[in-house]
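The values are calculated or read from the model by the stated rules, or taken from the named source; none is laboratory data. All of these numbers come straight from a predicted model, not from anything done at the bench. Every residue, glycine among them, receives a Cβ derived from its backbone with ideal geometry; neighbour counts consider all protein chains shown. Just the protein is used for accessible areas: all its heavy atoms, side chains included, with ligands, DNA and RNA removed. Shrake-Rupley method; radii C 1.70, N 1.55, O 1.52, S 1.80 Å.
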Amino acid sequence: MTRNTSNTPLDTPTGSTAPAPSGQAAQTEVSSSAATHRHGAVVEFSGVTKDFGGHRALAGFDLTLHAGEFVALLGPSGSGKTTALRALAGLESTDAGIILVDGVDVSTLPTSRRDMGMVFQAYSLFPHLSAGENVEFGLRMRGVAAAARRRRAGDALALVGLAGHYDRFAHQLSGGQQQRVALARALVTEPRVLLLDEPLSALDAKVRVTLREEIRRIQTELGITTLFVTHDQDEALAIADRVAVMRDGRIEQVGTPEDLYSRPVSPFIADFVGLSNQLTGMVRNGFAELYGTRLPLLDPSQADGTVLVAVRPEDLELSADGVAGVVTASSFHGSLRRTRVRFADGAEVSVQHGVRLHPAPGDAVRVRFTGAPVSVAAAANPVQAGSRP
Amino acid sequence: MAAVTGPIVREGVAHAPSRAVRALILGVIGFLFVIPFVAMVEFTLRKGLAGGHDFSRWSALFQGGLTGPYRQVLVAVGNSVGLAVGTVLIVLLLLVPTMLLVHIRFPRLRRLLEFVCILPISIPAIVLVVGLAPVYSVLSRLAGSGVWTLSLAYGIIVLPYAYRAIQANLDAVDVRTLSEAARTLGAGWGSVLFRVLLPNLRRGLLAGAFIAVAVVLGEFTIASLLSRVNLQTALVVVSKADPYTAVILSLLSLILAFLLLLLIGRLGAERTSSPRHRPIGGRQ
């Protein structure tokens with residue numbers, strides 16, 4: 001990951017937005033603190049537990065964020081990802097466990113003293129303040145002088161592409177612009193950690209993609225440790241250094257996006273991250289057998305027996321030979337098409353293929369397995385195992 | 001695979017009435033409100049059995065000044081204004097913090113608070129006084145029987161109106177998220193309250209204050225039954241001696257109330273699009 005070595009707008013000296021003499025950043029009383037945080041803080045959750053009236057939101061949650069790392073917390077609703085983020089922000093107390101930031105336990109610190117920037121899912125700009133005043137708010141709380149506040153707020157707005165919006169109020173901004181201002185507001189104080197609680201979920205699809213790329217660019221520029229909560233796997237896989245998938249208050253798997261997609265540790269991960277066809281098969285001698293096809297296993301030491309096999313749609317193809325089936329649906333996705341095929345035993349699979357093929361419902365086709373299964377697990381109920389694309 | 005979300009749409013008010021319809025509605029309502037005032041003014045201008053109209057009663061009142069029995073009215077005006085201020089303070093210092101606390105920290109108590117606050121509206125004033133009388137007898141021994149003690153009773157009777165006005169504003173503002181955002185930015189609870197929440201609850205607070213002032217200036221029953229002097233009880237005393245002057249004083253008290261409400265409105269005038277700061281040079 002690229003670390004910040006240049007003078008970013010937020011590091012600009014308070015007196016001027018122009019480069020400092022001799023190309024060095026003239027550190028001021030405000031921006032000097034940035035030097036310590038420029039590469040981000042190390043965050044460690046250790047055995048964090050949180051109950052909400054009988055519901056265990058976090059059950060021994062463990063996770064480490066390296067300095068300057070962008071980690072996405074991914075999981076279904078109720079998995080505890082937002083609770084974990086709020087616990088780090090100090091907005092939720094914890095029942096057990098510790099949270100360390102650069103080795104210091106912050107579990108008992110009030111939110112206002114944790115020095116974290118946060119962007120919320122809901123629009124959270126203060127309606128009575130202009131965009132610039134919103135960005136200034138955190139600096140005002142830190143006692144920064146008015147002129148420096150205004151200058152740094154302007155710089156932060158420029159960083160998020162809203163240089164001309166200083167005097168706009170929240171009701172005069174679009175949803176995407178409001179979240180950009182919220183991002184500028186969270187970043188302008190040069191916090192130790194940036195917390196993003198589904199900040200894109202209220203935006204339309206196109207703005208989401210643009211803004212998530214902006215967030216990643218800015219995070220890379222500033223080198224700030226970032227925890228990003230989302231339920232959108234596309235978002236998580238697209239921008240995070242590592243993705244932690246949560247389930248029932250715990251981390252189910254944490255790894256790079258490629259790891260999660262290619263080597264999921266469980267059928268849950270295989271099913272949750274990307275699309276997968278879950279089919280009943282057999283493992284024999286280090287191979288998975290599906291409909292008469294032998295597929296190599298990622299883990300050849302897998303014990304023999306009936307298993308649930310997860311196969312990605314891109315590892316299946318429509319071909320002249322293979323398992324016979326009938327097309328039940330076919331959908332267009334721009335650069336690709338996905339076709340659902342029902343086999344004779346009732347199992348259904350999703351096959352990803354080029355857009356030049358136009359299978360129609362009712363067509364008889366054949367499906368060939370071309371890639372290794374991404375996940376193989378002992379089938380809990382082999383009789384009912386089918387497909388869940 | 002990709003989550004689907006809808007675009008953020010800013011919708012205008014659907015089927016808003018035209019300017020003419022709005023003017024018509026305003027005109028009709030205004031007309032209905034003006035009738036009693038015009039009648040009152042006409043009544044004060046009557047020359048009695050001789051017929052005709054003149055300003056003799058108005059000029060006599062202003063030239064003679066509020067002396068003798070009318071002097072009591074001035075005292076009563078002072079009392080009522082003081083009671084209005086006291087009642088508004090009770091709303092701002094007790095009700096508002098309680099509502100915020102319940103809204104942010106103890107949302108499960110909201111129904112209970114609402115029930116308690118709405119309760120006074122269902123209790124007739126006479127019943128309220130029967131309940132308050134023994135309380136006031138104790139209060140008189142402890143803190144005297146000054147007219148200011150009425151503000152405690154008024155603080156109770158304005159609860160339903162003030163609560164609804166403030167709650168409507170609380171529901172319209174995402175108080176929880178705003179306070180959390182402020183805290184993550186380094187604000188303590190004091191800053192959260194004064195720099196973020198109260199400015200955004202200004203409409204509700206103003207409405208609550210308006211209602212409190214209006215209720216207090218028009219209150220008669222409790223003051224009369226507890227033998228305290230306020231504007232309304234003083235006007236009743238005057239009306240028994242001189243109904244014309246009582247109506248003139250009623251009109252003046254209405255103007256006073258109007259000016260008071262106007263002052264409150266001005267003090268809390270909202271800033272919506274006139275930022276304090278000018279744009280930063282070179283960044284626009």
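Numbers below:
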quantity	calculated
Checking residue A:90 against (1) open to solvent by less than 10 Å² (accessible area, probe 1.4 Å); (2) at the interface with chain B (Cβ under 9 Å from one of its Cβ atoms); (3) not basic (Lys, Arg), the condition it does not meet	(1)
Selection within segment A:115-124 - more than 8 Å from chain B (Cβ to nearest Cβ) and open to solvent by less than 10 Å² (accessible area, probe 1.4 Å)	A:119
Subset of segment A:331-351 that is open to solvent by 40 Å² or more (accessible area, probe 1.4 Å) and small (Gly, Ala, Ser) - its residue that is farthest from residue A:294 (Cα to Cα)	A:334
Residue match in segment A:295-311 (condition: in contact with a strand residue (DSSP E or B) (Cβ under 7 Å, 6 or more places away or on another chain), part of a helix (DSSP H, G or I), among the charged types (D, E, K, R) and over 26 Å from residue A:58 (Cβ atoms))	no
Every residue from segment B:101-110 that is among the hydrophobic types (A, V, I, L, M, F, W, C) and either more than 17 Å from residue B:171 (Cβ to Cβ) or open to solvent by 60 Å² or more (accessible area, probe 1.4 Å) (or both)	B:101, B:106, B:109
Test result for residue A:72, open to solvent by less than 40 Å² (accessible area, probe 1.4 Å), of a type in the set (A, V, I, L, M, F, W, C) and in a helix (DSSP H, G or I)	no
Some residue of segment B:94-113 being polar (S, T, N, Q) and farther than 30 Å from residue B:183 by Cα	no
Within segment A:145-263, helices (runs of 4 or more DSSP H) holding 1 or more residues that are more than 10 Å from chain B (Cβ to nearest Cβ) and in contact with a Phe, Trp or Tyr (Cβ under 7 Å, 6 or more places away or on another chain)	A:205-222, A:233-239
Given (1) more than 8 Å from chain B (Cβ to nearest Cβ); (2) over 25 Å from the mean Cα position of the chain (by Cα), index of the condition residue A:77 fails	(2)
Helices (runs of 4 or more DSSP H) within segment B:1-100 that include 1 or more residues open to solvent by 90 Å² or more (accessible area, probe 1.4 Å) and at pLDDT 90 or above	B:19-45
Residue match in segment A:323-335 (condition: aliphatic (A, V, I, L, M) and touching a Phe, Trp or Tyr at 6+ places or on another chain (Cβ under 6 Å))	yes
Whichever residue in segment A:196-222 is under 18 Å from residue A:159 (Cβ atoms), touching a residue at least 60 places away in the same chain (Cβ under 8 Å) and of a type in the set (A, V, I, L, M) and, among such residues, is least open to solvent (accessible area, probe 1.4 Å)	A:196
Answer residue from segment B:174-194, given it is in contact (Cβ under 8 Å) with a residue 40 or more places away in the chain and closer than 29 Å to residue B:84 by Cα and is nearest to the other protein chains (Cβ to nearest Cβ) among those	B:175
Of all residues making up segment B:195-216, the number that are open to solvent by 10 Å² or more (accessible area, probe 1.4 Å) and either within 12 Å of chain A (Cβ to nearest Cβ) or outside any helix (DSSP H, G or I) (or both)	6
Among the residues listed as B:152, B:119, B:159, B:113, the single one being modelled with pLDDT of 90 or more, surrounded by fewer than 16 Cβ atoms within 10 Å (Cβ to Cβ) and more than 22 Å from residue B:195 (Cα to Cα)	B:119
Any hit, segment A:243-258, residues being open to solvent by less than 50 Å² (accessible area, probe 1.4 Å), modelled with pLDDT of 90 or more, touching a strand residue (DSSP E or B) at 6+ places or on another chain (Cβ under 6 Å) and among the acidic types (Asp, Glu)	no
Only listed residue being modelled with pLDDT of 90 or more, open to solvent by less than 50 Å² (accessible area, probe 1.4 Å) and out of contact with any His (no Cβ under 7 Å at 6 or more places or on another chain), chosen from A:313, A:373, A:361	A:313
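So that you can scan it fast, the table gives a plain yes or no per residue for (1) modelled with pLDDT under 85; (2) among the β-branched types (Val, Ile, Thr); (3) open to solvent by less than 50 Å² (accessible area, probe 1.4 Å); (4) closer than 25 Å to residue A:247 by Cα:
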residue: A:268; (1), (2), (3), (4): no, no, yes, yes
residue: A:274; (1), (2), (3), (4): yes, no, yes, yes
residue: A:280; (1), (2), (3), (4): no, yes, yes, yes
residue: A:291; (1), (2), (3), (4): no, no, no, no
residue: A:294; (1), (2), (3), (4): no, no, no, no
residue: A:308; (1), (2), (3), (4): no, no, yes, yes
